[in-house]
Every structure is written in structure tokens, then in C-alpha cells.
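S.K.: Can you read through this structure? Questions will come right after.
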Amino acid sequence: MLEIYNLYTSYGPVQALKDVSIEANKDKIVCIIGSNGAGKTTLLNCISALVKSDSGKILLEGKELSKKAHSVVKEGIVQIPEGRRVFSDLKVKENLHIGGFLLNNKSQLKENFNLVYDLFPRLEERKNQYAGTLSGGEQQMLAIARGLMSNPKLMLLDEPSLGLAPQLVNTVFNFILEIKKRGITILLVEQNAKKALELCDYAYVLENGKIVLSGKGDELIKDEEVKKAYLG
């Protein structure tokens with residue numbers, strides 16, 4: 001589904017991504033692990049056209065992606081940013097409406113509301129509550145649900161467990177599995193390497209802007225270098 005070939009990206013003189021090539025197959029969870037500053041978020045931002053790449057190709061279903069962020073969403077990719085970034089002064093249902101702003105079909109919008117409320121019943125209970133008053137876990141649910149409102153083919157998840165209590169981390173990862181079951185491909189960036197590798201179908205290790213290792217999640221979790229660097 002998603003194919004990236006020989007991607008280079010820089011911030012001024014600093015090379016952030018160097019010859020990065022990855023694939024994310026349809027209906028799979030692919031994770032990117034690596035230390036802070038490795039280039040993980042930059043990679044997601046390049047896919048979303050929030051950051052301009054210097055060279056390389058990004059394809060979705062065999063077609064090169066647009067260089068404009070709003071067009072990337074239209075083409076079927078949504079990014080859930082690190083830190084949730086919900087619209088605090090708007091109600092839950094208003095945040096969800098914004099997620100579905102590209103949908104012209106009212107029946108589709110209603111169907112999507114039903115879908116996210118089925119997946120996140122807590123949000124239906126809180127639909128008239130201001131997003132800024134939600135707990136951290138509820139805000140993460142809202143951020144993911146807002147992304148689902150756009151009917152994505154591919155969801156880019158950036159650190160969904162960041163700052164959450166351990167029991168909520170498990171809840172969020174269960175939601176990710178449920179989203180996969182609904183036919184949405186997921187590219188996951190996650191500091192909790194153990195959880196990510198247990199969850200994913202395939203994984204890449206990004207170090208200093210380069211892919212240094214890749215393989216099935218259950219294989220990499222046994223790799224001695226991965227254990228030493230990321231699993232403690």
C-alpha cells in the first residue's frame with residue numbers, strides 16, 4: 001500500500017533522513033522504532049507533506065503522493081500527531097466534525113460518527129464535553145477518532161502511548177488492533193519498543209536518519225542489538 005524509496009530530507013545543513021526506503025502492506029501494522037532524534041516524526045511528516053523531502057518517492061497504492069498536506073488527507077492518509085493536539089475549546093463532537101470536514105456525504109458522516117462511537121463509547125458519553133476537560137487517555141481516544149472520521153486508508157500514529165498511565169497504554173494498543181481489524185493500515189512510531197514490536201506485523205529500526213534493521217516484530221524483539229538498545 002505505502003512505498004517509500006530512497007527518501008532524503010534535511011533541515012538546513014542537517015540531514016534528517018538518509019536514503020530511507022520502507023513499505024507498509026495493506027491491513028498491516030508497521031512500526032518504526034528508534035531513539036529520540038532518529039528521524040521518526042520527520043518521516044511521518046514527509047508522508048503527510050508537512051515537511052518537504054529533498055529527494056525520493058512516496059507512493060500510495062502505486063501512485064505518487066501529493067506534495068500538499070490537505071491533498072494527502074483526500075488521498076487517504078491521516079496523521080495522529082504526538083501530544084494528541086485536540087481542539088481544547090471545542091466539544092468532543094465538534095472535534096469529530098472537524099475530522100470529517102472533507103466528507104460531503106451526510107450519510108457517510110453519520111456512519112463515521114457511529115463507527116467511532118462504537119469503537120470509543122466513552123467519547124459518545126462525553127460528546128458534549130469540552131475536549132480540554134478530558135483525561136489524557138480520553139484525549140488520545142479523541143485524537144484517533146478524529147482521524148478515523150476522514151475515512152483513511154492509512155493511519156500514521158506518532159507516539160500514541162506518550163504520557164499515559166500503564167493501564168491506559170494497553171487500552172490504546174487494543175484500540176490500534178481494533179482499527180487494523182477494520183481494514184486500515186497503520187504506520188506506528190512508538191517509544192515503547194516492546195509493546196510496538198509485540199503488536200506489529202513488521203518493523204523498521206531508524207538510527208540517525210537511516211534504516212539500520214528491519215524484520216517481523218516477533219523476530220526483532222529477540223534480536224540482541226534491539227534488546228540492548230531499546231528493550232532494556
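Where a number appears in this text, it was derived from the coordinates with a stated rule and is not lab data. It should be emphasised that the depicted structure is a prediction, and the values quoted were computed from it without experimental measurement. Here the Cβ positions follow ideal geometry from the backbone for every residue, glycine too, while neighbour counts run over all protein chains shown.
S.K.: Look at S66 and say whether it is touching an Asp or Glu at 6+ places or on another chain (Cβ under 7 Å), assigned to a loop (DSSP other than H, G, I, E, B), closer than 30 Å to Q15 by Cβ and of a type in the set (G, A, S).
M.R.: Against the criterion (touching an Asp or Glu at 6+ places or on another chain (Cβ under 7 Å), assigned to a loop (DSSP other than H, G, I, E, B), closer than 30 Å to Q15 by Cβ and of a type in the set (G, A, S)), S66 qualifies.
S.K.: State yes or no: is C46 hydrophobic (A, V, I, L, M, F, W, C), crowded, with 21+ Cβ neighbours inside 10 Å and farther than 19 Å from L213 by Cβ? If you could, list the steps in order and put the result at the bottom.
M.R.: On the way: hydrophobic (A, V, I, L, M, F, W, C): yes; crowded, with 21+ Cβ neighbours inside 10 Å: yes; farther than 19 Å from L213 by Cβ: yes.
Against the criterion (hydrophobic (A, V, I, L, M, F, W, C), crowded, with 21+ Cβ neighbours inside 10 Å and farther than 19 Å from L213 by Cβ), C46 qualifies.
S.K.: Determine which member of the set Q79, Q129 is closer than 19 Å to K180 by Cα and among the polar types (S, T, N, Q).
M.R.: Details: Q129 fails: closer than 19 Å to K180 by Cα.
Sole residue among the options that is closer than 19 Å to K180 by Cα and among the polar types (S, T, N, Q): Q79.
S.K.: Report, ordered by the first and then the second residue, all pairs with beta carbons closer than 6 Å, sequence separation of six or more or different chains, a first member in region 44-64 that is on the phi > 0 side of the Ramachandran plot, and a second member that is of a type in the set (S, T, N, Q) and assigned to a strand (DSSP E or B).
M.R.: Between residues of region 44-64 that are on the phi > 0 side of the Ramachandran plot and residues that are of a type in the set (S, T, N, Q) and assigned to a strand (DSSP E or B), the close pairs are G56/N6.
S.K.: For region 69-91, which positions are farther than 12 Å from S150 by Cα, out of contact with any Asp or Glu (no Cβ under 6 Å at 6 or more places or on another chain) and assigned to a loop (DSSP other than H, G, I, E, B)?
M.R.: If the condition is that a residue be farther than 12 Å from S150 by Cα, out of contact with any Asp or Glu (no Cβ under 6 Å at 6 or more places or on another chain) and assigned to a loop (DSSP other than H, G, I, E, B), then G83, R84, R85, V86, F87, S88, D89, L90 are the ones that fit.
S.K.: Going by what's in this entry, would K26 be described as within 19 Å of the chain's Cα centre (by Cα), closer than 15 Å to T185 by Cβ and assigned to a loop (DSSP other than H, G, I, E, B)? Lay out the reasoning, then the answer.
M.R.: On the way: within 19 Å of the chain's Cα centre (by Cα): yes; closer than 15 Å to T185 by Cβ: yes; assigned to a loop (DSSP other than H, G, I, E, B): yes.
Yes: the conditions hold for K26.
So that you can scan it fast, the table gives a plain yes or no per residue for (1) exposed (fewer than 12 other Cβ atoms within 10 Å of the Cβ); (2) among the small types (G, A, S):
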{"residue": "S53", "(1), (2)": "no, yes"}
{"residue": "I58", "(1), (2)": "no, no"}
{"residue": "R84", "(1), (2)": "no, no"}
{"residue": "G100", "(1), (2)": "no, yes"}
{"residue": "S107", "(1), (2)": "yes, yes"}
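S.K.: Do you know which of the residues in region 221-232 that are in contact (Cβ under 8 Å) with a residue 24 or more places away in the chain and not in a loop (DSSP other than H, G, I, E, B) is farthest from I29 (Cα to Cα)?
M.R.: A229
S.K.: Among the residues of region 200-211, are any over 27 Å from S135 (Cα atoms), in contact with a Lys or Arg (Cβ under 9 Å, 6 or more places away or on another chain), hydroxyl-bearing (S, T, Y) and surrounded by fewer than 20 Cβ atoms within 10 Å (Cβ to Cβ)?
M.R.: The answer is yes; a qualifying residue exists.
S.K.: Return the only residue of N25, N6 being touching a residue at least 12 places away in the same chain (Cβ under 8 Å) and in contact with a Phe, Trp or Tyr (Cβ under 8 Å, 6 or more places away or on another chain).
M.R.: Answer to the check: N25.
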